[in-house]
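So the structure is just underneath, and the comments pick up after that.
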Amino acid sequence: MNDKKLRLNKPPIVEAVLDIECDLPPAQDLKELEAKSKQLLRDSYPIYRAGFLLQQQIEHREGEEPRLTNASRDLQSLQFRSSDEKQIVQVRRGGYSFNRLAPYTTLDDYLEEIRRTWDIYREISSPLHVRAIQLRYINNLPLPAKDGKVELNEYFRIGPRLPNEDSMALLGFLNQYSAADKETGNQVTTVLTANQFVSGVLPVILDIAASSPHGGDPSDWTWISDRIRVLRRMKNEVFEQTLSESCLNLFRQP
């Protein structure tokens, strides 16, 4: 993969997420990290929310109404949001996350803040080892319809195809694949799916998650940032090879 950067005047990115999965000290309690996380992150990310995993069991005995039993709520993440809620830093049970919602510019604009908050995360959680890094982009592609139809072949190089387009009309689709780069071992998972028509436009979601399964030292930012840039290149290549020039031109217009 080359080092070409993808430049679009109107990026279709709804959300970009960086996840750094870590091995953490044994028996670390996420709740015990809450006070220190608030102290170090709230100046830049004043809105705090906790993320929980809710689990319930349903018990059904003959002759009785079903009833809920053994409800549990497990703390999974400490989420700190910027005042406009466009940027989120998460201290998770399994690592660190940085979320950026639209409007999104370019990864280079956020790397310094990612480094700063990653260093804060290291102070809070004391990670022992980086296990994996994932860079995920969720794109919303509003495809214009002509006479109530969208010619998908016009917009996608890789995408849904009907066995007989003369006698069948496509009502929806969900395409997914996973692949590995033969040289680096990095992996990518892509999901392409359509929503319902809205005002003559077909919203299509293109979700690309590129990941590096290689581990490293949490204190080595050069190594981490290099892995992030490699994943960015992989994501860009998949993005460009999935969409046609007609589709890319929709987002190149000023």
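The values are calculated or read from the model by the stated rules, or taken from the named source; none is laboratory data. This one's a predicted model, so the numbers in the text were calculated from it and none came from an experiment. Neighbour counts are summed over all protein chains in view; Cβ atoms, including those assigned to glycine, are modelled from backbone coordinates with ideal geometry.
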Pull out all pairs, ordered by first then second residue, where Cβ-Cβ is under 8 Å, the residues are six or more apart or on different chains, the first lies in the stretch 203-216 and is under 9 Å from L192 (Cα atoms) and touching a residue at least 40 places away in the same chain (Cβ under 8 Å), and the second is in a loop (DSSP other than H, G, I, E, B) and of a type in the set (S, T, N, Q). V204/N195; I205/N195
Assigned to a strand (DSSP E or B) and touching an Asp or Glu at 6+ places or on another chain (Cβ under 8 Å) - does that describe any residue in the stretch 243-251? no
Failed item, numbered, when V130 is tested on (1) among the hydrophobic types (A, V, I, L, M, F, W, C); (2) closer than 24 Å to K235 by Cα; (3) in contact with a Lys or Arg (Cβ under 6 Å, 6 or more places away or on another chain): (3)
All-but-one check, G159 against (1) closer than 30 Å to W221 by Cβ; (2) surrounded by 13 or more Cβ atoms within 10 Å (Cβ to Cβ), failing number (1)
Exactly one of S212, S225, S219 is hydroxyl-bearing (S, T, Y), closer than 24 Å to L107 by Cα and touching a strand residue (DSSP E or B) at 6+ places or on another chain (Cβ under 6 Å), and that residue is S212
Among the residues of the stretch 129-141, count how many are surrounded by fewer than 16 Cβ atoms within 10 Å (Cβ to Cβ) and closer than 28 Å to T105 by Cα. 1
Within the stretch 3-46, residues exposed (fewer than 12 other Cβ atoms within 10 Å of the Cβ) and of a type in the set (G, A, S) come out as A27, A35
Across the stretch 10-47, what is the total count of residues that are over 30 Å from Q253 (Cβ atoms), part of a loop (DSSP other than H, G, I, E, B) and not hydroxyl-bearing (S, T, Y)? 9
Of the residues S211, S244, which is surrounded by 15 or more Cβ atoms within 10 Å (Cβ to Cβ) and under 16 Å from the mean Cα position of the chain (by Cα)? S211
For V89, all conditions in the list (1) crowded, with 17+ Cβ neighbours inside 10 Å; (2) in contact with a Gly (Cβ under 9 Å, 6 or more places away or on another chain); (3) not basic (K, R); (4) not in a loop (DSSP other than H, G, I, E, B) hold save one; what is the number of the exception? (2)
Is one or more of the residues making up the stretch 184-193 in contact (Cβ under 8 Å) with a residue 60 or more places away in the chain and either within 15 Å of I138 (Cβ to Cβ) or buried (at least 16 other Cβ atoms within 10 Å of the Cβ) (or both)? no
Being touching a Leu at 6+ places or on another chain (Cβ under 9 Å), among the aliphatic types (A, V, I, L, M) and either in contact (Cβ under 8 Å) with a residue 60 or more places away in the chain or surrounded by fewer than 20 Cβ atoms within 10 Å (Cβ to Cβ) (or both) is the requirement here; does L101 meet it? no
If I ask for residues that are at pLDDT below 95 and within 14 Å of E240 (Cα to Cα), which ones from the stretch 1-39 would you list? M1, N2, D3, K4, K5, L6, R7, L8, P11
Does any residue in the stretch 228-254 that is closer than 10 Å to L8 by Cβ come within less than 8 Å, Cβ to Cβ, of a residue that is of a type outside the set (A, V, I, L, M, F, W, C) and part of a helix (DSSP H, G or I) six or more places away or on a different chain, and which pairs are these? L248/E240
